[in-house]
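In what follows, a structure is listed as structure tokens, so that the remarks can point back to it.
Nothing in this text is a laboratory measurement; each read-out follows from the coordinates by a stated rule. Because the structure is a prediction, the values reported are computed rather than measured. No Cβ is skipped: glycine too gets one built from the backbone with ideal geometry, and neighbour counts run over all protein chains shown.
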Amino acid sequence: MAPRLHIDRASDATCHWLTVRGDLDHASAPILAEWSPPHEGPATVVVDLTGCTFLDSGGIRAILGLSLTHDLTVVCPPGRPARLTIDLVGLSSSMPVVESPAEAGRPRHDATPR
Amino acid sequence: MNPGADPTLEELLATCASEPIHIPEAVQAHGALLAVTAAGTIAVASANVADWFGAAGVLLCPVTEVLGAEPPPIGGRIRLEGRRGPVEVHNLGPAAAGEHELVVLGLEQATAAPPEVDVLAPALTALGADDDVIALLDRAAVAIRGLLGFDRVMAYRFDREWNGEVVAEAVDPTLEPFLGLRYPASDIPPQARALYARTPVRTIPDAGGPTAPLLHASPTTVPLDLSDAEVRAVSPVHLHYLRNMGVRASMSLSIVVEGELWGLFACHHVSDAHRPDPAWRRAAAALVGVASSRLEVLLRAEQAEQRAGSVEPVAAVRARAERGEHPAAEVASLPELLSMWRACGVTVRLDGEVASAGVGAGDELAALVAGRMLADPTTVVAASDQRAELDALGAAHPVLAGALAVRVGDDDWVVWWRPELVREVRWGGDPEGKEIESRADGSLALGPRQSFAAYVQHVTGRSREWDDHDVWLADQVRRHLGAALTGRGRARSAVASAVRRVLDDPTVPDVDLDVAVRTRAAAGDPAGGDWHDVVALPHGGTAVSIGDVAGHGLATAATMSHLRHALRAYLVADGDPALALGQLDELVRHLVPGEMATAVICVVAPDGSTVTVVSAGHLPPIRVGRSGASMVEAPREPAIGLRRSSPLRSTTFAVEPDDVIVLFTDGLVERRDEPLDVSLERFRAALDVAAGARPEELLTAVADPLVAVADDDATVVAFVPASAARR
């Protein structure tokens, strides 16, 4: 079966943003696991699972693997399909799991008082 | 034909293709014909024989009397002196004439002395010098023109659809060259092609010349089959065609390669009637025979070279399929898979996975096209170079116009794609320009084309044609991929059985527990990351565990085995499931960081009255009792391999004698199209309905259907805690 997964990659001064859409499962997890930063830059990576429609232990393992080499934050609001798996395996014991991109970093800088 | 209704062009083409050109009941008047009974009596004669031999009567006369000599044996020739000069008599052998069999003699006026072999020798020798097909045909055309003196000698090559293309030509310099022109297949209808293959030389010395009808001694005799008679009269349609073309005399020599009509040498004379002596024509035919043999050698060499060049790439395709974890993706990413076929895209389905490269119709349309092109189970390779066919298959595409599909296995295939290729084809006249003409009897018939002026056609809606080599290559890939997949299957099942021997650990202690298990690895994997275990504890209790190492394949199975044995050791050491899982977590984070497993352990008290549960990121156990099925809410702890700071927590609950505890992995229940909690609740509800059943019956009723359709590793364990007390 062809992986039904798309990962949008973006980088800013503070982090790399990996926005996951579709199924992050055993079959497609290598796409995430094999991600590496495009250039020298921030060591912080945000994986946004808001648009992830299916997450299994293979996907969790890929996220865990990335967390070994990067400072990783996971975004997933309550009620999203991936959130149940995240909570079940207790991913937040290993890395920050936040509910919105705003909490993950970028807009926080926008909100910095001038 | 009904004159009241206008026939369609298709009907007329069919009529033309069914014209019985082999029984014209006449010969061209430069020739004559006799058909003789076994007793030597003339049964059929062309009307001109009497004149040629000054005989008063011919029919029913002995043949020796008319000819003044014994006829030659079958296949043989003799030259006789006739009243109008020398006559060559050729015994064409027996032909059926109703219930009788007659021997047919073809006669022709000879015009010159037979050629010396010296005339032919230099040309024949020269034919061996060329190692290029076109150069060979060029040289042969020049030699034929030299021997026979025609204004024009062309070498035609037929394509797969029997259109002819002029690929070599020797022509009088005052005439317009026809080199490169094409002639549509309908110019030479199928029955005419069949005769070309059968009688390699055809001569029409004068398209406007007279014919001599056949006279039969018996009025009831059926028409004589003149297929083998070179002197047979020509179809009026063909004569009309030659006149329209401005050709007065013609001759054709078939080029037969490996028993198939490959092409023709077509000789035209425009200025006048032209009839080379039969012996000279035979010399030319001999030359064409040698040229055809040489052509066969060259074509074979060309093919062998082409095929030799594909050995390495095909081996590379096979190696990729044998080695890779995802053979479809490995194979599709090989650049040769496009370049060898000059394809713009390829879609590969192997071992159930689909992968593409280049520009193709997309995985789903490719599956549709492959399914339909290969719908007949006996079809192995199917090709189309017509956009309309792709449209009809439901795969309309703005770029693509051609597809080549090959069956690799039951459900595996490869489809190559080619884009539309707009071409200019120079026809020798508008190929559609057939003329419908009225015949004397009022019927309509198909006339030949009027115009032979070069006509340039823009061909659209088609891709480059898939040739024999493309199809052969596809078949090679089919065989090698098939072998690779079979090899993979064998290797997998050999490794799988070895792995299973390790995993089905015979050292499981003899625990007296009413327990039932179902387990299955993900489709395509020899073993999975799921485990289950039953361990007798030092203080008398029993631990039942289930777990799932994230990942697929053998490496994951190996990690699973490692973890299961480690967990067993920790449990046996001090019997505390929370401590054991904590130790397992440390082991994973230190020895195999990045690996992750979920697990749940149930420890049954020695008297079977309570169960203590510890869960690390795992789905909750379900307790099935008299009052129904409910999830056991154990404290949630992170999965093994994730960071943790505190010891794991456990919960202990009392069980009834009939309670069944069900442990399972996510592969059993999870479905892509619904949230996990919904799947979980459905499983609980199914167990609820089956409450009261013993473990084995419970799994048969509820778990078996789920295991059968699971697309990931799936394991389920059901046990009765109270049964441990009997121990």
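With a Förster radius of 51 Å applied to the beta-carbon distance between B:Ser218 and B:Glu258, the computed FRET efficiency rounds to 0.75. The long axis of helix B:363-373 is offset from the longest Cα principal axis of chain B by roughly 50 degrees.
Placing a pseudo-label 7 Å from each Cα along the Cα-to-Cβ vector at A:Asp12 and B:Asp272 gives an inter-label distance of 9.6 nm.
At a Förster radius of 30 Å, what calculated FRET efficiency corresponds to the Cβ-Cβ distance of B:Ala301 and B:Leu179, to the nearest 0.05? Rounded to the nearest 0.05, the efficiency is 0.75. Extending 7 Å from Cα along the Cβ direction at B:Glu65 and again at B:Asp51 yields two label points whose distance is 2.3 nm. Report summary: the helix-based calculation at 222 nm, which adds -39500 (n - 2.57) for every DSSP H run with n ≥ 4 and divides by the residues of chain B, gives -10500 deg cm²/dmol. So what's the angle, to the nearest 10 degrees on a 0 to 90 scale, between helix B:278-323 and the longest Cα principal axis of chain B? The angle comes out near 10 degrees.
What the Cα atoms of the protein assembly as shown give is an Rg and a Dmax of 42.3, 130 Å. Sum up the charges of everything whose Cβ sits under 14 Å from the Cβ of B:Gly106, counting Lys and Arg as +1 and Asp and Glu as -1, but leave B:Gly106 out. Local net charge: +1.
Compared with the alpha-carbon gap, the fully stretched path from B:Ser646 to B:Asp711 is longer by 19.9 nm at 0.36 nm per residue.
For chain B, what class follows from the C-alpha gyration tensor (a ≥ b ≥ c being the square roots of its eigenvalues): rounded when a/c is under 1.5, otherwise prolate if a/b is larger than b/c, else oblate?
prolate
Within the shell of other residues whose beta carbon sits under 10 angstrom from the beta carbon of B:Gly547, the net charge comes to -2, with Lys and Arg scored +1 and Asp and Glu -1. Between the amide H of A:Thr53 and those of A:Gly22, A:Asp23, A:Leu24, distances stay under 5 Å, these residues lying 5 or more places away or on another chain, with hydrogens modeled in the peptide plane.
Taking every C-alpha pair closer than 8 Å and separated by at least 6 residues, the mean separation divided by the residue count of segment B:229-336 gives a relative contact order of 17 percent.
Per residue, the average separation of C-alpha pairs within less than 8 Å and at least 6 apart gives chain B a relative contact order of 9 percent. Dipole magnitude for segment B:536-592: about 160 debye, using +1 per Lys or Arg Cβ and -1 per Asp or Glu Cβ, origin at the Cα centre. Taken residue by residue and averaged, Cβ atoms of other chains lying within 10 Å of the Cβ of B:670-680 number 4. Counting only Cβ charges, +1 for Lys and Arg and -1 for Asp and Glu, the dipole size of segment B:152-255 around its Cα centre is about 100 debye. As a ratio to 2.2 N^0.38 Å, the alpha-carbon radius of gyration computed for segment A:1-76 takes the value 1.01. Sorted into 5 angstrom bins from 0, the C-alpha pair distances of segment B:218-289 split as 3, 12, 17, 22, 20, 14, 6, 5, 1 percent.
If the segment from B:Thr379 to B:Asp688 were pulled out straight at 0.36 nm per residue, it would be longer than the present Cα-Cα gap by 106.2 nm. Global size of segment B:621-712: 14.7, 42 Å for Rg and Dmax (C-alpha atoms, Rg to one decimal, Dmax whole). State, as an integer percentage, the relative contact order of segment B:160-226 based on alpha-carbon contacts under 8 Å between residues 6 or more apart. So the answer I get is 24 percent.
If R0 is 60 Å, what FRET efficiency do you get for B:Val422 and B:Thr700 from their C-beta distance, rounded to 0.05? FRET efficiency, B:Val422 to B:Thr700: 0.40. Please label the shape of segment B:554-597 as rounded, prolate or oblate, based on the square roots a ≥ b ≥ c of the eigenvalues of the alpha-carbon gyration tensor (a/c under 1.5 means rounded; beyond that, a/b larger than b/c means prolate, else oblate). Here segment B:554-597 falls in the oblate category. Database remark: amide H of B:Gly82 closer than 5 angstrom to the amide H of B:Val87 (H placed geometrically; neighbours at sequence offset of 5 or more, or on other chains; Pro and chain starts carry no H).
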